[in-house]
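Values in this text are rule-based calculations from the coordinates and carry no lab data. The structure presented is a predicted model; accordingly, all values stated were derived computationally and were not measured. Here the Cβ positions follow ideal geometry from the backbone for every residue, glycine too, while neighbour counts run over all protein chains shown.
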């Protein structure tokens with residue numbers, strides 16, 4: 001008898017409070033602030049109650065609400081968590097984040113809405129965030145979204161964000177770079193304000209954004225991949241960079257230079273050949289540098305005064321420069337540059 005009584009006491013004392021999602025009947029009482037949902041016959045948070053941290057240890061859902069993708073700042077709780085989150089400051093052009101100095105910029109695209117249309121690049125309806133670069137003179141900039149948690153579209157405009165509108169007229173756009181779902185671009189930006197828009201590829205894609213911005217420190221021309229013959233004349237340029245005398249036959253300094261920019265993908269190894277042969281009537285120098293200034297290839301005189309570099313290894317995802325320079329300030333002129341970026 002005493003054993004049976006003890007068993008009854010244990011059962012009577014152990015009565016855990018139902019949590020959201022716990023089964024109930026229409027007449028059963030769920031603990032405040034939960035109510036028994038007639039639609040699902042589970043205990044849920046009603047539409048007027050706030051979550052109770054001591055009672056609720058699972059994400060609360062509003063009774064009868066069907067979760068959907070949340071839209072920030074519209075006064076509606078689409079995902080049924082009783083909260084309509086505020087939108088990010090740079091969800092609109094007026095709040096564009098200044099990234100002129102470069103760096104890594106993190107954001108949550110779920111706290112954004114859709115403003116910019118695909119216009120032939122990317123999908124429809126994705127949330128977008130605005131950034132800006134303001135320059136005194138044209139300059140090349142590098143952008144990538146490697147490390148982001150969602151499928152990104154990267155658009156660059158050579159005009160203020162206030163003039164982007166629905167997104168027509170992008171100077172450059174990229175999605176699914178390097179065989180993945182992120183984006184990568186290197187673009188010559190204009191003097192004044194330039195606008196960068198990072199978009200999600202679809203209306204149901206959003207998450208953590210990692211935007212890397214690298215100033216190129218000068219203007220230049222894109223270097224196409226494959227075998228190319230490029231022409232130019234350094235006499236109309238100025239001295240912006242000098243080679244390092246590193247396996248380079250004492251290349252001199254102070255010469256007028258032009259530069260070609262290119263990028264590589266994470267985990268990718270590229271090779272670059274370049275030459276100005278036969279030699280021109282002036283003494284040119286060829287060299288390759290990463291955007292941080294590290295020189296990875298150089299040649300002054302390989303075919304007479306003509307320089308030639310071969311098998312320069314490109315092995316990290318960043319911005320690179322191929323320079324056509326003069327030996328000293330007295331050397332400039334036209335050139336035919338043969339390249340093979342592969």
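Distance from a point 7 Å along Cα→Cβ of residue 235 to each backbone N in segment 326-341: keep the residues under 19 Å and list them by number.
Answer for this model: 326-337.
Would you please give the FRET efficiency between residue 303 and residue 159, computed as 1/(1 + (r/R0)^6) with r the Cβ-Cβ distance and R0 = 51 Å, to the nearest 0.05? Don't skip to the end; give the middle numbers.
Working: r = 45 Å, r/R0 = 0.88.
Plugging the Cβ-Cβ distance into 1/(1 + (r/R0)^6) gives 0.70.
Counting helices only, and only those DSSP H runs with n ≥ 4, report the 222 nm mean residue ellipticity of the chain as the sum of -39,500 (n - 2.57) divided by its residues, in deg cm²/dmol to the nearest 500.
Here the helix-only value at 222 nm equals -1000 deg cm²/dmol.
Return 291, 66, 35 ranked ascending by Cβ neighbour count within 10 Å, so the fewest neighbours appear first.
Going from sparsest to densest Cβ surroundings: 66, 35, 291.
For the chain, what is the relative contact order in percent, using Cα pairs closer than 8 Å and at least 6 residues apart in sequence?
13
Need the full-extension length gain, residue 336 to residue 296, defined as separation in residues times 0.36 nm minus the C-alpha distance. One decimal, nm.
12.2 nm
At 0.36 nm per residue, and after removing the present C-alpha to C-alpha distance, how many nm does the segment from residue 97 to residue 273 gain when stretched out fully?
59.5 nm
Round to the nearest 0.05 the FRET efficiency obtained for residue 137 and residue 86 when R0 = 45 Å and r is the Cβ-Cβ distance.
0.75
So what's the angle, to the nearest 10 degrees on a 0 to 90 scale, between helix 2-13 and the longest Cα principal axis of the chain?
50
Between 120, 306, 147, where does the largest GNM mean-square fluctuation fall for the chain, given springs only between Cα atoms within less than 10 Å?
The residue with the greatest mean-square fluctuation here is 120.
Counting other beta carbons within 10 Å of each Cβ, put 151, 219 in order, fewest first.
219, 151
Nearest 5 percent is fine: what portion of the DSSP beta bridges confined to segment 221-341 is antiparallel?
Roughly 95 percent of the DSSP beta bridges within segment 221-341 come out antiparallel.
What is the distance in Å between the Cα centres of segment 267-286 and segment 192-228?
27
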